[in-house]
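The values are calculated or read from the model by the stated rules, or taken from the named source; none is laboratory data. For clarity, every value in this text was computed on a predicted model and none was experimentally measured. With ideal geometry, Cβ positions are generated from the backbone for all residues, glycine too; neighbour counts draw on all protein chains shown.
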Amino acid sequence: MRKITLIFVASTALTVSQSGYTARYPVQYDSIPQSALVTCGGVQQGYTPVNTSYGEEAIKDGILRTAPCSATWVSGAQASFSTIFDTKSKPTGLKTTVNRPNDPNISNDILFDSQRKQNETQAAYQKQQYESQAAYQRQRDAAEAAQRDAAEASRRDEADKRSYAELNKTISDYNNANKTTSCQKIAWTVICNTY
C-alpha cells in the first residue's frame, strides 16, 4: 500500500508540473456584449465577466473539463461556452468569451450592460464616499479623544499644583507659627531650643 501511495503522489506531482496549475485553475467567463448571466451546471454564477476556478479533479492530462456553462442576455438570447480547455497552453488560467447570437433586441442587452456598469460604478463611488466619511469620522473622534485626554491631563496638573501650593502654605504656616524658645546657660555656653 505504501508503494501505491508514493506512485499516486508522484503521478499527481507530475500532472501538476506538466499542466502548470497549482491547487485552483482560474477561468474567466466573458461575453460580447457583457452583462449576460452565466449559468454553470444549473447554478447562476453572476453577470459577465465572471471569475471562477476549478480544482485539480477537473483537470486530467492537462485538459480542463467543466460543467456546461451558458450566457443568457436580458433579451433572452443565449450562447454556450466550451466545456473543454487546454491548460498546458494557458498554465496560469484562461478567459473564454462568447458572442451574442444575432437575435433581435440587442439594444436591450446593450442598454442593460450600460445601466449595470453605471450602477456598479455608482455603488463603488458611494462605497468610497462612505469609507472616506467613516475614515474622517474616525480621525475626528480620535482628535476629540486626544483633546479630552489633554484637557483631563491639564486639569490633573492644575489640581496637583493647587495641592502642592496648599502643602507649601501649610509648611510655611507651621514654620511661621508662634514658637517657644528656651535657653539654658551651662558654664560658659548658652544652649537655646525653639519649639
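When residues in the stretch 39-61 are screened for being in a strand (DSSP E or B), under 28 Å from the mean Cα position of the chain (by Cα), closer than 27 Å to E120 by Cα and not aliphatic (A, V, I, L, M), 8 of them pass. Taking (1) farther than 20 Å from I32 by Cβ; (2) part of a strand (DSSP E or B) in turn, S70 satisfies each apart from (1).
Looking at D113, D157, D149, D173, which is the one that is touching a strand residue (DSSP E or B) at 6+ places or on another chain (Cβ under 9 Å) and assigned to a helix (DSSP H, G or I)? On inspection, the qualifying residue turns out to be D113. Taken together, the criteria place P91 among residues that are under 34 Å from the mean Cα position of the chain (by Cα) and part of a loop (DSSP other than H, G, I, E, B).
Restricting to the stretch 91-107, name every residue that is within 16 Å of A79 (Cβ to Cβ), polar (S, T, N, Q) and without any contact (Cβ under 8 Å) to a residue 40 or more places away in the chain. Correct list: N102, N105. Of the candidates Y47, Y21, Y25, the single residue that is in contact with a Gly (Cβ under 9 Å, 6 or more places away or on another chain) and either under 29 Å from Q118 (Cβ atoms) or modelled with pLDDT under 90 (or both) is Y21.
In the stretch 73-88, of all residues being under 12 Å from Y29 (Cβ atoms) and part of a strand (DSSP E or B), the one that is nearest to the chain's Cα centre (by Cα) corresponds to F85. So for the stretch 119-132 (the condition being of a type outside the set (D, E, K, R) and more than 30 Å from Q34 (Cα to Cα)), does at least one residue qualify? Looking for residues that are of a type outside the set (D, E, K, R) and more than 30 Å from Q34 (Cα to Cα), one finds at least one in the stretch 119-132, hence yes.
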